[in-house]
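Trainee: Can you keep this structure in mind? I'll have questions shortly.
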Amino acid sequence: MRAPSSILPLVLESVSFVAGGRAIVDAISCEIGAGSRTVIVGPNGAGKSVLMRLCHGLLRPTSGRVVWRGVGTAAIGRRQAMVFQRPVMLRRSAIANLEYALALQDVARADRTRLAREAIERVGLGHLAGRSARVLSGGEQQRLAIARAWALRPEVLFLDEPTASLDPTATREIETAIAAIHACGTKIVMTTHNLGQARRLADEIFFLNQGRLAEHAPAERFFTAPATAEAAAFIKGELPWT
C-alpha cells in the first residue's frame, strides 16, 4: 500500500478570531511547512494559544481559512494531534493511558501494546509504564501526554506551552522528548514564553504581538537580527506583556 501523501503545508489565509469584540488573532496569513521545528513566541495575550487551536481545528476562524494541503481541517483526523498545558490523566497506569487512547482510535488490540510501548519509551518513561499516571510528577505527566498524542504517529504535533510552570530538570526532559519525536520525522509546532527554550528548539520563529503576525523568520536570524522593532524589544524583554 502506498504511503499517504503529506498533509503539509498548512496554510492560513487571512485568519482572524474575534471574541468579546476583540480580535485575538488578526488577519494572519502564513504557511507552515514540513521538516523544521516551528516555535510561536510573543507576550502574554498575543494570541499564541488561540492560533494553535485554530491550526489544530479546535476553534473555527471568525474569518479566513485554515487549509491542510488543499483540504479542510476536518478531513485530517488523527494525522495531527495537540498537547495542552495541563494534561488530563486517566485513573489507570501510564501505559494504559496510551492504550486507551489508541483503542478510541480503533487501533487493533494486537497493535496497541506495541505502539504504546514504543511511544512511552520514546519520551523516557518506559520504567514508569506500570505506575498510576495520576501519581507521576507534573513533568512526567506532560511527557506521558506527549507520548499519548504521538502514539498514533501523527505527521504534525502541536504543543501549547509544554513546559509551563515546570522546574529546569523537568523542562530539560521534555525538551529531550520533543527532540526525539522530531528526529522520528514528526513536525513540531509549539508555543513557548521561554526565549531560551525557543533558541534551543526552534528552526523557525513566528512572533505574534497583539494578535498579529509581526515577524516570521529562521530562528538564528530572528534572535540575532530581528527585522522589526517589536521583535527586538521582545527579545530584550522590553515589550510590555498584556
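Trainee: Which residue out of Leu208, Leu157 is out of contact with any Leu (no Cβ under 7 Å at 6 or more places or on another chain), assigned to a strand (DSSP E or B) and in contact (Cβ under 8 Å) with a residue 60 or more places away in the chain?
Mentor: Among Leu208, Leu157, only Leu157 is out of contact with any Leu (no Cβ under 7 Å at 6 or more places or on another chain), assigned to a strand (DSSP E or B) and in contact (Cβ under 8 Å) with a residue 60 or more places away in the chain.
Trainee: If I go through the stretch 64-87 residue by residue, how many of them are part of a loop (DSSP other than H, G, I, E, B) and over 17 Å from the mean Cα position of the chain (by Cα)?
Mentor: Result for the stretch 64-87: 2.
Trainee: Anything in the stretch 106-125 that is surrounded by 15 or more Cβ atoms within 10 Å (Cβ to Cβ) and either under 23 Å from Leu166 (Cβ atoms) or in contact with a Cys (Cβ under 9 Å, 6 or more places away or on another chain) (or both)? List them, or say none.
Mentor: Residues satisfying the conditions are Ala119, Ile120, Arg122, Val123, Gly124, Leu125.
Trainee: Does the stretch 38-63 hold any residues that are in a helix (DSSP H, G or I) and among the hydrophobic types (A, V, I, L, M, F, W, C), and which are they?
Mentor: Answer for the stretch 38-63, where residues must be in a helix (DSSP H, G or I) and among the hydrophobic types (A, V, I, L, M, F, W, C): Val50, Leu51, Met52, Leu54, Cys55.
Trainee: Keeping to the stretch 17-37, report how many residues are assigned to a strand (DSSP E or B) and more than 25 Å from Ile235 (Cα to Cα).
Mentor: Total meeting the criteria: 4.
Trainee: Condition first: within 23 Å of Gly57 (Cα to Cα), of a type in the set (D, E, K, R) and not in a helix (DSSP H, G or I). Can you find one or more residues in the stretch 166-186 that meet it? Outline the logic, then answer.
Mentor: So in the stretch 166-186, the residues within 23 Å of Gly57 (Cα to Cα) come out as 178, 181-182, 185-186.
Okay, now just the ones that are also of a type in the set (D, E, K, R), so none.
No, every residue in the stretch 166-186 fails to be within 23 Å of Gly57 (Cα to Cα), of a type in the set (D, E, K, R) and not in a helix (DSSP H, G or I).
Listed here are the residues, each with its yes/no results for (1) of a type outside the set (Gly, Ala, Ser); (2) touching an Asp or Glu at 6+ places or on another chain (Cβ under 7 Å); (3) closer than 25 Å to Trp150 by Cβ.
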| site | (1), (2), (3) |
| --- | --- |
| Cys184 | yes, no, yes |
| Thr191 | yes, yes, yes |
| Leu195 | yes, no, no |
| Glu204 | yes, no, yes |
| Pro218 | yes, yes, no |
| Phe223 | yes, no, no |
| Ala227 | no, yes, no |
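Trainee: Right, next: Can you confirm whether Ser14 is farther than 19 Å from Leu157 by Cα, free of Cβ contacts under 8 Å to residues at least 60 places away in the same chain, out of contact with any Lys or Arg (no Cβ under 7 Å at 6 or more places or on another chain) and not in a loop (DSSP other than H, G, I, E, B)?
Mentor: So Ser14 fits the description; yes.
Trainee: Conditions first: (1) at pLDDT 95 or above; (2) touching a helix residue (DSSP H, G or I) at 6+ places or on another chain (Cβ under 7 Å). His216 passes all but one, so which condition is the exception?
Mentor: Tallying (1) at pLDDT 95 or above; (2) touching a helix residue (DSSP H, G or I) at 6+ places or on another chain (Cβ under 7 Å), His216 fails exactly one: (2).
Trainee: Now, a different point. Among the candidates Arg69, Arg65, Arg53, single out the residue that is more than 14 Å from Asp160 (Cα to Cα) and out of contact with any Asp or Glu (no Cβ under 7 Å at 6 or more places or on another chain). Quick ask: steps written out before the conclusion?
Mentor: On the way: Arg65 fails: out of contact with any Asp or Glu (no Cβ under 7 Å at 6 or more places or on another chain); Arg53 fails: more than 14 Å from Asp160 (Cα to Cα).
One residue alone meets the criteria, Arg69.
Trainee: Can you tell me which of (1) without any contact (Cβ under 8 Å) to a residue 40 or more places away in the chain; (2) surrounded by fewer than 16 Cβ atoms within 10 Å (Cβ to Cβ); (3) closer than 18 Å to Ile205 by Cα is the one Gly21 doesn't meet?
Mentor: (3)
Trainee: In the stretch 31-63, how many residues are of a type outside the set (A, V, I, L, M), farther than 18 Å from Asp203 by Cβ and within 14 Å of the chain's Cα centre (by Cα)?
Mentor: The initial filter retains those residues of the stretch 31-63 that are of a type outside the set (A, V, I, L, M), namely 31, 33, 35-38, 42-45, 47-49, 53, 55-57, 60-63.
Remaining after also requiring farther than 18 Å from Asp203 by Cβ: 43-45, 47, 49, 53, 56-57, 60-63.
Then drop every residue that is not within 14 Å of the chain's Cα centre (by Cα), which leaves 49, 53, 56-57.
Within the stretch 31-63, residues that are of a type outside the set (A, V, I, L, M), farther than 18 Å from Asp203 by Cβ and within 14 Å of the chain's Cα centre (by Cα) number 4.
Trainee: If you check every pair at least six apart or on different chains, which have Cβ atoms under 9 Å apart with a residue in the stretch 92-107 that is in a helix (DSSP H, G or I) first and a residue that is acidic (Asp, Glu) second?
Mentor: Short answer, once both residue conditions are applied: Ala94/Glu140; Leu102/Asp111.
The values are calculated or read from the model by the stated rules, or taken from the named source; none is laboratory data. Nothing here was measured: the structure is a model prediction, and the numbers come from that model. Glycine gets a Cβ as well: all are built from the backbone with ideal geometry, and neighbour counts include every protein chain shown.
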